[in-house]
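None of the figures in this text is laboratory data; all of them are computed from the coordinates on show. All of these numbers come straight from a predicted model, not from anything done at the bench. Ideal geometry is used to build each Cβ from the backbone, glycine not excepted, and the neighbour counts take in all protein chains shown.
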Amino acid sequence: MTTNAARVHDVPGRTAPPSRFREAEARGARLGRVLRRLGRVREVDEPLMERIGVAMTEHDEVGARLARALRAPAGSPDRVTMGQLRRALADGVDTVPDAPPALRDFFACVEATPDWVAPDLLERGAAVYRRFGQNAADVLLQLSLIGGYRFGGPPDLLVATGGLAGDSTRRRLGETQKWTASVSEPGAMQRAADGTWGEGWRLTVHVRAMHALVDASFVDRWDVERWGLPVNQADQAATLGLFDAVVLLGVRVLGVPVSADDSRAVMHLWRYVGWLLGVDEQWLVDDERERHRLSYHLLRAQSGVTPAGAELARDILAVVRRLPHGRFQAERTLSMLSLFLGRASMRDLGLPWRPPWAHAYVVVLNTLRYRVAMRTPRGRAWVDRWAEGVVERVMAEYFGDDERRVGALPG
């Protein structure tokens with residue numbers, strides 16, 4: 001196993017996981033019953049739980065070194081400017097005159113593509129993910145994003161940073177959609193013949209730098225004893241699972257068939273995305289069942305819901321109500337959330353429960369799309385056009401007339 005993770009755990013006086021570790025384990029085990037079954041977990045893996053506790057005190061050290069250089073005072077020989085980072089992301093680090101060591105080291109790391117990366121499998125994973133269309137958008141918003149607000153820590157950081165909270169919610173949702181759409185575009189995670197990287201790769205590296213800056217900016221005013229590091233390895237591993245295996249699980253619930261080969265391709269794509277984001281290798285897997293096993297243990301490691309989770313959930317519903325056909329969209333979202341999360345979780349987030357009527361018509365539509373239309377080349381082309389149209393519509397709803405880009409790096 002290789003690691004780029006640096007530990008608060010190794011600092012004198014910081015020898016234990018944060019107090020939230022396993023604080024609401026019975027609740028996490030209850031919420032993770034499906035994952036336990038899918039991951040074929042017969043008993044709790046205590047060494048794995050110990051590693052999760054340690055990971056709450058670890059961060060991405062390569063990103064942290066870049067963040068320190070970005071935050072260095074003017075005149076420092078090690079300082080990296082935002083302009084240098086932006087140019088390196090757009091055109092390559094070799095185009096940056098006298099590139100500082102921290103910038104060169106960062107790009108040497110992200111450009112050292114692991115031997116296990118299979119380009120053909122990345123492309124298949126991207127095509128499968130793209131074809132999920134509205135289903136992926138629904139699962140990411142409801143089960144991955146809002147469902148992730150049921151545990152303390154990351155939601156509290158989002159509220160503290162202003163990410164996905166208050167007036168910024170609509171734009172932040174658009175930025176997440178932009179990133180996931182870019183990752184799943186053809187060739188987006190590959191290096192072109194002219195040496196430049198695809199947009200999905202560049203945006204993923206941008207997100208890594210942004211995470212590192214948030215971690216460095218908030219660590220001195222963050223309750224590390226309570227939550228661990230602001231952006232830590234355990235939370236990043238849990239978040240990665242929300243984009244790969246949780247999406248696969250969610251779209252199946254909505255009636256989308258996913259073959260074993262398609263599952264492997266999607267998992268491979270997000271394994272590489274996770275590697276680019278600085279997630280430690282021990283949390284990167286190609287196998288959907290193994291991801292469910294890890295996610296079940298990560299659930300057991302969590303604390304309960306905090307007021308931040310309910311605040312973020314309400315802000316997202318407020319955004320949905322302001323979209324075109326907002327009243328219908330909000331009721332549809334609540335109906336699907338009620339199915340995905342259950343009554344207790346809806347209550348935890350302060351959301352009203354609705355009968356799962358939306359699930360019924362979505363399953364019918366997906367049966368027609370994926371089990372009937374996909375049988376012919378013409379039908380597959382029609383499904384692909386529909387899925388591409390969904391991405392365009394969702395981004396138009398979130399961004400409006402604004403530029404469609406991932407958020408600017410914090411100063």
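How large is Rg/Rh for the chain, to two decimals, with Cα atoms and a Kirkwood Rh?
Rounded to two decimals, Rg over Rh is 0.95.
At a Förster distance of 41 Å, what's the computed FRET efficiency of Arg321 paired with Ala193, Cβ-Cβ distance as r, to 0.05? Intermediate results must be reported in sequence, preceding the final value.
Details: r = 47 Å, r/R0 = 1.14.
E(calc), rounded to 0.05, equals 0.30.
Past the 19 angstrom mark, what percentage of all C-alpha to C-alpha distances in the stretch 318-411 do you count? Could the numbers behind the result be given before it?
On the way: 2650 of 4371 pairs.
Beyond 19 Å sits 61 percent of the P(r) for the stretch 318-411.
Running Debye on the stretch 240-320 with equal point scatterers at the Cα sites and no solvent, what base-10 log of I(q)/I(0) appears at q = 0.12, 0.14, 0.19, 0.21 Å⁻¹?
Each listed q corresponds, in turn, to -0.45, -0.61, -0.94, -1.02.
Along the Cα→Cβ direction, 7 angstrom out, place labels at Asp98 and Asp223. What is the inter-label distance in nm?
Label at Asp98, label at Asp223, 4.6 nm between them.
Given the stretch 101-178 reduced to its alpha-carbon atoms as identical point scatterers, what log10 I(q)/I(0) does the Debye formula return at q = 0.16 Å⁻¹?
-0.92
Sort the stretch 298-354 into rounded, prolate or oblate with this rule: let a ≥ b ≥ c be the square roots of the eigenvalues of the Cα gyration tensor; rounded if a/c is under 1.5, and if a/c is not under 1.5, prolate when a/b is larger than b/c, oblate otherwise. Show your work: numbers first, answer last.
Values: a/c = 2.63, a/b = 1.75, b/c = 1.50.
Judged from the Cα gyration tensor, the stretch 298-354 comes out prolate (a/c at least 1.5, a/b above b/c).
Taking a ≥ b ≥ c as the square roots of the Cα gyration tensor eigenvalues, with a/c under 1.5 meaning rounded and otherwise prolate when a/b beats b/c, else oblate, which class fits the stretch 274-322? The partial results should precede the final answer.
On the way: a/c = 2.60, a/b = 1.87, b/c = 1.39.
In terms of gyration-tensor shape, prolate.
Write down the radius of gyration of the stretch 158-265 and its Dmax, each obtained from C-alpha positions, in Å.
Rg and Dmax of the stretch 158-265, Cα atoms, are 16.7, 48 Å.
Would you compute, for the Cα atoms of the stretch 227-368, the largest minus smallest coordinate along each principal axis and list the three values in descending order, in whole Å?
Here the Cα extents, ordered largest to smallest, are 43, 41, 26 Å.
Thinking of the stretch 41-180 as a set of Cα atoms, what percent of all their pairs are more than 27 Å apart? Write out the running numbers ahead of the final one.
Working: 4835 of 9730 pairs.
Value for the stretch 41-180 (Cα pairs over 27 Å): 50 percent.
If you average the C-alpha positions of the stretch 165-199 and of the stretch 327-388 separately, how far apart do those two centres end up, in angstrom?
Centre-to-centre distance over Cα atoms comes out at 24 Å.
What is the spread of the Cα atoms of the stretch 216-262 along each of their three principal axes, largest first, in whole Å?
Per principal axis, max minus min of the Cα coordinates gives 47, 19, 16 Å.
Once the piece of chain linking Leu365 and Ser19 is laid out straight, how much longer is it, given 0.36 nm per residue of separation minus the C-alpha distance between them? List each step's numbers first, then the result.
Numbers: separation 346, 0.36 × 346 = 124.56 nm, distance 4.58 nm.
Length difference between fully extended and current span is 120.0 nm.
With 10 angstrom as the radius, rank Thr176, Thr81 by how many other C-beta atoms surround their C-beta, starting from the fewest. Numbers along the way, then the final one.
Details: Thr176 21, Thr81 15.
Fewest to most other Cβ atoms nearby, the residues stand as Thr81, Thr176.
Would you work out which of Leu103, Leu157, Ala88 lies farthest towards the positive end of the dipole of the chain? Charges go on Cβ: Lys and Arg +1, Asp and Glu -1.
Leu157
How many nm separate the modelled label positions at Arg347 and Ala396, each set 7 Å beyond the Cα in the direction of the Cβ?
Reported label-point gap for Arg347 and Ala396 is 4.2 nm.
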